1. Considering each residue of the stretch 17-53, count those that are at pLDDT 90 or above and crowded, with 19+ Cβ neighbours inside 10 Å, and give that number.
2. Of all residues being open to solvent by 30 Å² or more (accessible area, probe 1.4 Å) and within 18 Å of V114 (Cβ to Cβ) in the stretch 59-71, which is modelled with the lowest pLDDT? Just the residue, please.
3. Of a type outside the set (S, T, Y), over 20 Å from G7 (Cα atoms) and out of contact with any His (no Cβ under 7 Å at 6 or more places or on another chain): does that describe G69?
4. Scan the stretch 81-117 for residues that are open to solvent by 60 Å² or more (accessible area, probe 1.4 Å) and farther than 21 Å from R45 by Cα and jot them down.
5. Within the group F56, F76, which residue is open to solvent by less than 50 Å² (accessible area, probe 1.4 Å) and at pLDDT 95 or above?
Amino acid sequence: MTLLVPGSDLTALRAQLAASPDAWLVACFCAAWCDTCEEYKPKLRALSSALPRHVFAWIDIEDHAELLGEVDVENFPTLLIQIGGRVVFYGPMLPHIGHLERLLESLDERSAAVTSALPDLPRLLAA
């Protein structure tokens with residue numbers, strides 16, 4: 001797997017999400033002007049290659065605002081982890097890839113869902 005961008009990689013992103021309805025979606029909400037996000041991006045790309053069973057998406061909040069619904073992302077990077085139809089993590093995270101690695105290791109299919117005002121991201125991407 002690789003780090004997919006909805007604009008340029010939409011077909012691949014849709015195919016990966018459709019191939020496994022229970023796929024883990026790890027989406028990073030970012031902004032092109034954010035230096036912290038740009039420093040984080042290659043680390044996230046490397047993690048996506050190391051964890052091919054997960055679908056990783058890089059979502060620029062200005063280029064793909066429609067994927068946020070009414071939610072305003074104010075802190076970067078902000079991560080969403082969705083297992084199947086359940087959001088199990090949504091919030092800002094320090095841009096240290098080890099934090100995300102440990103979070104992913106701590107989650108599984110039984111992890112509790114969290115409340116999020118975000119629309120169902122996989123459904124929006126599939127449309």
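1. Summing the residues that are at pLDDT 90 or above and crowded, with 19+ Cβ neighbours inside 10 Å in the stretch 17-53 gives 12.
2. Selected residue: G69.
3. no
4. Answer for the stretch 81-117, where residues must be open to solvent by 60 Å² or more (accessible area, probe 1.4 Å) and farther than 21 Å from R45 by Cα: G85, R86, E109, R110, A112, A113, V114, T115, A117.
5. None of the others qualify; the one that does is F56.
The values are calculated or read from the model by the stated rules, or taken from the named source; none is laboratory data. Computed from a predicted model, the values in this text were never measured in an experiment. Backbone-built Cβ (ideal geometry, glycine too); neighbour counts: all protein chains shown. Surface accessibility is based on the protein's heavy atoms, side chains included, excluding ligands, DNA and RNA. Shrake-Rupley method; radii C 1.70, N 1.55, O 1.52, S 1.80 Å.
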